[in-house]
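The values are calculated or read from the model by the stated rules, or taken from the named source; none is laboratory data. These numbers were taken from a predicted model, which means no experiment stands behind them. For neighbour counting, all protein chains shown are included, and Cβ atoms are generated from backbone atoms with ideal geometry for every residue, glycine included. Quick note on the areas: whole protein, heavy atoms, side chains included, nothing else; ligands and nucleic acids left out. Shrake-Rupley method; radii C 1.70, N 1.55, O 1.52, S 1.80 Å.
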Amino acid sequence: NVFCNPAFELEGEKEVVLVSAAVLLLLAALGLALVLILTCGGVLTDSEGSFSSPNHPGSYPSNSLCVWVIQVPPPYLVQIHVSSLTVEGPSPCLFDWVEVREQIEQSSVVTFCGNVAPPTVNTNSSTVWVTFHSDGSIAGNGFTAQYRAIRPGHESCSREEFMCDSGRCLLPVSVCDGHPNCHDQTDEANCSHKRKCGGQKIGPYGYLASPNHPGPYPHQQCIWYVSVEEGHVITLSFRNFSLETQDVCEFDYVEVHDSISTEAGRVLGFCGTTFPPDLTSSGPHMTVVFVADEGLADSGFNATYQAVSVLGTCGPSQFACSTGECLQQQWLCDGWNDCPDGTDEQSCGNSTYPPFASPCESIEVEMCQGLSYNFTSFPNIWLSIADQREAATLLGQYRVLMELACFEPLQRLVCGMFLPQCSPQGGILQPCRSVCSSAEQQCSQALDLFSFSWPFNCHLLPDSQDPLECSLP
């Protein structure tokens, strides 16, 4: 209560000590690490200068909190250019981040992380706060940045960047990417020169490839919707596969959804240079997504798909449902009823699960029990968590949140992200945006007491109340 209500008074010196200790534990658990004496940051008042993360270009220390206050004389405004960035990511920057906050009536905040330096930031303020935060785990080389004072109306971008909205800068890869990033939408004008990708694929067989394959692919997102006739399933085979090498699939990757869209169905993700296995859908629809970030690019991939009949006389290596449908052996005992009568899931013993099988499992993490759902499924492709044991380990640092008055809305958000709901149609569901907004409304005041901003970007979550698109934990 004292954390969410600054006016709350406690009786007894012992209780004050206990609450103070609990608050410090909470900040450590959230990775916000309250630093009583800052060893980095400072006040910068020159007309131009530079600043960087601690120990740059070496690795920054864990649990860092640095705040730089940049002040130039009005009416001059602050312009910031980050020339290098290697900060644990990716978006929504839950662990390590750099934040630029303007000191104006309607405060503007820009937060970034990852391995790609953001575009130039032209602010609308003479005073800007830049905060660098790191948690207690993975560290990178940090960042270095330059700032200077500019006159109003003299906003500029670096030579390779694109400027719109009278001062907003975009990286080249964000121009003509199919997603308007500017309010005036000039970044999506005159884009006929850029090769399109994705689209509808209808027919018994076909071909998919990343843009410009076998050349380097651009920063782009492609979605293919593959459909075949009823009574058929789809087999997808990769012929070439070479994406940016990474430990977890968070920069460049391919997702394969066992459904007609990306909103439902079982999903598998692939990256790096290891060929994915042949994948077979459970029905006549499959959705393939290719995502490439702004960083390194490789030769990409190409794949073929083919419709396979499940009706008629079953072969010697197939399983016959009572309805006459034929199933491939890999569909037996995969945790899903592929036969209408469910006979493919009977007498399964301890069978293992082949590709596309991601069965629901009961939530075992104490902190996340008592939600509106009791089953989750892994892998969690959004946070790159392999299984529930890894999720429990990561959530261990949040246990002290259970003592907070605003724990309930925050629990729904954190658990919804780390142990997402297992969808009845297969796959997992992200928490709805309203879950995040509710937690922000009720708990951001607690963080404000320590000059920390809300660490989640709620706008990245689905804006829907449809239980088939997102969850309400």
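On the beta carbon distance between residue 239 and residue 405, with R0 = 51 Å, the FRET formula returns roughly 0.35. Between residue 275 and residue 389, the simple label model (points 7 Å from Cα in the Cβ direction) yields a spacing of 3.1 nm.
Compared with the direct C-alpha span, the chain from residue 262 to residue 108 gains 52.2 nm at full extension, assuming 0.36 nm per residue.
One decimal place: the segment residue 375-residue 62 gains 109.3 nm when fully extended, by the rule 0.36 nm per residue minus the C-alpha distance. Here the stretch 198-309 has 51 percent of its accessible surface on carbon and sulfur atoms, given a 1.4 Å probe and all protein chains in place. Here the calculated FRET efficiency for residue 308 and residue 50, from their Cβ-Cβ distance with R0 = 45 Å, stands at 0.15, rounded to the nearest 0.05. Consider a paramagnetic label point 7 Å from the Cα of residue 159 along Cα→Cβ; state which residues of the stretch 54-82 have an amide N under 18 Å from it. Inside the label zone: 81-82.
Per residue, the stretch 41-154 exposes 44 Å² of accessible surface when a 1.4 Å probe is rolled over the protein heavy atoms with every protein chain present. Computed over neighbours whose Cβ is under 10 Å from that of residue 140, the net charge equals -2, Lys and Arg +1, Asp and Glu -1.
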